[in-house]
DNA sequence: GCTTATATATGGCATCGCCATATATGGGGA
DNA sequence: TCCCCATATATGGCGATGCCATATATAAGC
């Protein structure tokens, strides 16, 4: 549970980043985060879906249902123009934040 | 408000780090965080004092009152042996976490 | 005398991630 | 055949943690 509290706030940045180049659905995002972080990051679906609704309500992402035979329906999300701008800002902010923390606690990321 | 949400969870690491080499009192810690981060990080005292009580309750830090003439009383905190171990763990965890985030969102800290 | 900086304290609130649980479908193995 | 697992989305309630507002108290500076 150690680092779980840090995830607060980073979730939005993660989701926006993963949607940058292609639309994805919720379950896929959840699996991607876990896989790409080598298991370090893990988002429970109970956090993920409400987060996606929130981002959609803010118009940072847009979702649409895709139904295929022999498959549960999926909702695919894509970045909006607003979302793209927010992503850039959040990336910069994250970098600034991480460097500030690193500077004080004496951690280098190299 | 941009990065404020990220602070959740990093507060403990910051405090423990700042107490690593010398005892400090609450107000001092609050000012130090702001100064050393160039204003990027800022902890309101309303968050800070309850946090200090929590850390003391967990025996990660120990506080003692210091009264001097012509000065409001101050409570100085120092790291305990437990606190020192926790600090090491949290530092490692933070590094792992920041690298995982950086890897997914495409941010380098160099 | 008034404001500002120093210094600690606390009640109530908002945000956000988690647990538990629910629904629904397809595939693989015993 | 039957059950479990992976896939896929949904939601009520809870806990942790930081913030706002406010309070108290003292010394320094104008």
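Here is a yes/no grid of residues against (1) buried (at least 17 other Cβ atoms within 10 Å of the Cβ); (2) at negative phi:
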| position | (1), (2) |
| --- | --- |
| B:40 | yes, yes |
| B:59 | no, no |
| B:68 | no, yes |
| B:80 | yes, yes |
| B:89 | no, yes |
| B:98 | yes, yes |
When residues of segment B:42-67 are filtered for being under 16 Å from residue B:24 (Cβ atoms) and assigned to a loop (DSSP other than H, G, I, E, B), how many remain? 2
In the set B:77, B:49, B:27, the lone residue that is farther than 20 Å from residue A:10 by Cβ and out of contact with any strand residue (DSSP E or B) (no Cβ under 8 Å at 6 or more places or on another chain) is B:49
If a residue has to be more than 10 Å from DNA strand C (Cβ to nearest atom) and farther than 12 Å from residue B:78 by Cβ to count, how many in segment B:48-58 make the cut? 3
Scan B:40, B:86 and give me the residue that is closer than 18 Å to residue A:105 by Cβ and in contact (Cβ under 8 Å) with a residue 60 or more places away in the chain. B:86
Suppose we keep only residues that are part of a loop (DSSP other than H, G, I, E, B) and at pLDDT 90 or above within segment A:1-33. Which one would you say is nearest to the other protein chains (Cβ to nearest Cβ)? A:20
Taking the conditions exactly as written (surrounded by fewer than 17 Cβ atoms within 10 Å (Cβ to Cβ) and more than 16 Å from DNA strand D (Cβ to nearest atom)), does residue A:36 satisfy them or not? no
Residue B:63 passes all but one of the listed conditions (1) within 14 Å of DNA strand C (Cβ to nearest atom); (2) in contact with a helix residue (DSSP H, G or I) (Cβ under 6 Å, 6 or more places away or on another chain); (3) within 14 Å of another protein chain (Cβ to nearest Cβ); the exception is number (3)
Single residue of B:68, B:90, B:31 found to be more than 30 Å from residue A:32 (Cα to Cα) and under 12 Å from the mean Cα position of the chain (by Cα): B:31
Test: residue in segment A:95-109 that is over 30 Å from residue B:21 (Cβ atoms) and touching a helix residue (DSSP H, G or I) at 6+ places or on another chain (Cβ under 8 Å): no
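The values are calculated or read from the model by the stated rules, or taken from the named source; none is laboratory data. Keep in mind it's a predicted model, so treat the numbers as computed, not measured. Counting neighbours? That spans all protein chains shown, and the Cβs are built from the backbone with ideal geometry, glycine included.
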